[in-house]
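The values are calculated or read from the model by the stated rules, or taken from the named source; none is laboratory data. Computed from a predicted model, the values in this text were never measured in an experiment. Glycine gets a Cβ as well: all are built from the backbone with ideal geometry, and neighbour counts include every protein chain shown. The protein model used for the area step is the full one, side chains on, heavy atoms only, and it has no ligands, DNA or RNA in it. Shrake-Rupley method; radii C 1.70, N 1.55, O 1.52, S 1.80 Å.
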Amino acid sequence: MSEIESAWGRYPGYAIDLVPWAGQGRATFNGTVVAESDSCLIVKESDHQDQLYFPIGDVAWEHFTETDLHTVCPFKGEADYWSLTVGDQTEENVVWAYPNPFPEVAGLSGYVAFYTDRVRLELLEAVEEDDGDVVAYRFPVWGTAADLARLIDVVPDGDRRFISPSFPDPPLGTFVEIPDRFRPRQVIEGGQLLGQAIVAASKTVPDQRVVSASMVFTRAARFDSPLAVEVDVLHQGRTYSTVETRIVQHDKLCSVGLVLLDSGAEDVYRVTAEMPDVPGPLECPLRDFQVIGRDIRVVDGAYNFDPDDVGPPELLVWMRYRDRPEAPAMQAALLAQATTHYTIGASMRPFQGITEALAHKTLSTGPMAVDMSFHDDADAAEWHLYENPAIYAGRGHVQGQGRIFSQDGRLVASYSLHAMVRSFDADPKQMGGFTSAM
């Protein structure tokens with residue numbers, strides 16, 4: 001080991017954190033569990049995606065064969081490798097371990113890791129609120145609900161200007177240049193930008209409540225660079241205020257929005273849409289969006305990538321965040337974050353062979369504009385039902401109308417979404433579509 005040179009002294013800002021996972025980890029290959037443990041480590045390393053390490057004693061070694069491959073990491077040491085065979089399927093050099101890691105990462109001794117693109121890895125978590133129901137997240141996860149909330153909760157950065165950091169912070173490539181093909185997809189969802197605008201407007205006019213927010217998305221934003229939210233108060237009155245937001249990245253405009261706030265009033269009368277009659281959240285299957293602490297359950301399991309699962313152009317989705325934010329604006333922003341998730345998927349449901357698995361591969365998809373109104377108080381830590389009918393699709397566009405209900409049936413918000421769906425290899429004028437009277 002002495003002949004291997006450590007790079008720790010040359011890169012003082014480099015970091016490798018060994019974080020114990022509180023639940024279970026599981027690795028499966030060719031339908032067989034090949035490792036399972038309640039003592040896994042999530043290893044977070046600068047310029048690398050997270051890795052899940054299993055104790056050596058919790059691996060089914062009868063499926064593994066040691067190979068002659070050895071590699072050297074300048075921050076961890078020399079790695080040994082094993083191939084994996086289950087049935088008639090073999091993956092060469094799919095598992096590695098550092099038997100004598102450098103002192104800075106001594107905790108890796110006695111652990112092994114798997115290539116995430118060749119073995120299915122999952123994090124399992126028992127949810128006490130759901131009587132111990134187990135949630136499985138495909139690893140690597142994007143992050144946690146707390147990570148998402150931190151990005152949405154923009155912080156002041158001068159006069160009427162707010163900032164959201166990169167994710168991760170520092171971003172990949174800070175110490176060693178990483179080719180784009182090795183990076184996770186970095187595009188920020190439009191609903192997150194809408195949530196950031198809501199928070200920035202509320203912090204600018206803190207004595208009024210956000211009642212509506214509209215946004216047009218002009219270009220994609222990325223997680224790997226900070227975002228600036230520039231705020232212009234167009235009017236501030238005792239009853240209503242109007243705030244314009246401009247979200248900028250690298251001096252380029254990503255979105256422009258308008259947020260309406262008011263000082264509140266009692267009901268003169270009340271009319272509200274009725275909540276659809278659907279199974280409750282715990283009766284619906286989980287949908288993994290790889291965000292730990294944000295639970296999503298889809299009515300009838302309809303949001304999936306099965307090309308043969310055909311249905312009406314609508315998705316009904318239960319969602320909650322297990323941690324409760326204190327600020328009302330953050331409650332609204334977290335509700336807004338999911339408004340751009342489902343309309344495109346809903347529009348695809350009537351068509352066999354067309355699913356969101358085609359997005360960013362053969363189809364160019366994304367939200368173009370959203371308009372949201374907040375009606376009643378919401379608690380983001382409680383279950384909410386998102387009703388998402390797509391009312392039109394054609395000529396490269398999709399239009400949807402959404403409603404958000406609390407579990408007790410209150411209509412807490414509604415929204416409309418205008419999205420884009422275009423083929424990468426066809427003229428948009430040639431694209432057909434459907435209309436619906438829903």
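The residue of the stretch 305-341 that is nearest to Gly394 (Cα to Cα), among those that are of a type in the set (S, T, N, Q) and within 16 Å of the chain's Cα centre (by Cα), is Thr340.
Applying the set (1) acidic (Asp, Glu); (2) at pLDDT 95 or above; (3) out of contact with any Lys or Arg (no Cβ under 7 Å at 6 or more places or on another chain); (4) open to solvent by less than 30 Å² (accessible area, probe 1.4 Å) to Glu122 leaves exactly one unmet item: (3).
Taking the condition more than 31 Å from the chain's Cα centre (by Cα), touching a residue at least 60 places away in the same chain (Cβ under 8 Å) and either farther than 18 Å from Glu45 by Cα or open to solvent by 20 Å² or more (accessible area, probe 1.4 Å) (or both), does Glu104 pass? Answer is yes for this residue. For the stretch 337-387, the candidate set comprises residues that are among the polar types (S, T, N, Q) and part of a loop (DSSP other than H, G, I, E, B); within that set, the residue that is nearest to Thr218 (Cα to Cα) is Thr340.
Of the residues making up the stretch 289-302, those that are part of a loop (DSSP other than H, G, I, E, B), open to solvent by less than 50 Å² (accessible area, probe 1.4 Å) and not hydrophobic (A, V, I, L, M, F, W, C) number 1. The residue of the stretch 51-72 that is most open to solvent (accessible area, probe 1.4 Å), among those that are within 24 Å of Pro168 (Cβ to Cβ) and not hydroxyl-bearing (Ser, Thr, Tyr), is Gln51.
Within the stretch 219-228, the set of residues being open to solvent by 50 Å² or more (accessible area, probe 1.4 Å) and either in a strand (DSSP E or B) or not aliphatic (A, V, I, L, M) (or both) comprises Arg219, Arg222, Pro226.
Select from the stretch 221-240 the residues that are more than 20 Å from Pro367 (Cβ to Cβ) and in contact with a Cys (Cβ under 6 Å, 6 or more places away or on another chain) and list them in ascending order. Passing the criteria: none in range. Selection of the stretch 352-364 for residues being β-branched (Val, Ile, Thr) and surrounded by fewer than 18 Cβ atoms within 10 Å (Cβ to Cβ) yields Ile354, Thr362.
Of the numbered criteria (1) aromatic (Phe, Trp, Tyr); (2) within 16 Å of Leu84 (Cα to Cα); (3) touching a helix residue (DSSP H, G or I) at 6+ places or on another chain (Cβ under 8 Å), the one Trp8 fails is (2). Each residue in the stretch 234-281 was checked for being under 28 Å from the mean Cα position of the chain (by Cα), assigned to a loop (DSSP other than H, G, I, E, B), surrounded by 12 or more Cβ atoms within 10 Å (Cβ to Cβ) and not β-branched (Val, Ile, Thr), and 4 of them qualify. Here Tyr111 passes the criteria (1) under 18 Å from Glu189 (Cβ atoms); (2) in contact with a helix residue (DSSP H, G or I) (Cβ under 7 Å, 6 or more places away or on another chain); (3) open to solvent by 30 Å² or more (accessible area, probe 1.4 Å) except the one numbered (1). Of all the numbered requirements in (1) open to solvent by less than 40 Å² (accessible area, probe 1.4 Å); (2) of a type outside the set (S, T, N, Q); (3) under 19 Å from the mean Cα position of the chain (by Cα), Arg349 misses one, and that requirement is (3). Val231 satisfies every condition listed in (1) β-branched (Val, Ile, Thr); (2) free of Cβ contacts under 8 Å to residues at least 12 places away in the same chain; (3) not in a loop (DSSP other than H, G, I, E, B) except (2).
Residue-by-condition table, conditions (1) in contact with a strand residue (DSSP E or B) (Cβ under 8 Å, 6 or more places away or on another chain); (2) at pLDDT 95 or above; (3) open to solvent by 60 Å² or more (accessible area, probe 1.4 Å):
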| site | (1), (2), (3) |
| --- | --- |
| Glu5 | no, no, yes |
| Gly9 | no, no, yes |
| Gly13 | no, no, no |
| Leu18 | yes, yes, no |
| Gln24 | yes, yes, yes |
| Gln49 | no, no, yes |
| Pro74 | no, no, no |
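Here Lys429 clears all of (1) outside any loop (DSSP other than H, G, I, E, B); (2) modelled with pLDDT of 95 or more; (3) out of contact with any strand residue (DSSP E or B) (no Cβ under 8 Å at 6 or more places or on another chain) except the condition numbered (2).
Taken together, the residues in the stretch 134-164 that are over 15 Å from Leu193 (Cα atoms), of a type outside the set (Gly, Ala, Ser) and open to solvent by 30 Å² or more (accessible area, probe 1.4 Å) amount to 9. Summed over the stretch 305-321, the residues that are open to solvent by less than 50 Å² (accessible area, probe 1.4 Å) and either charged (D, E, K, R) or modelled with pLDDT under 90 (or both) give a count of 2. Taking each residue of the stretch 278-298 that is among the small types (Gly, Ala, Ser) and looking for partners that are not in a loop (DSSP other than H, G, I, E, B) with beta-carbon atoms closer than 6 Å, six or more apart or interchain, yields Gly293/Thr144; Gly293/Ala145.
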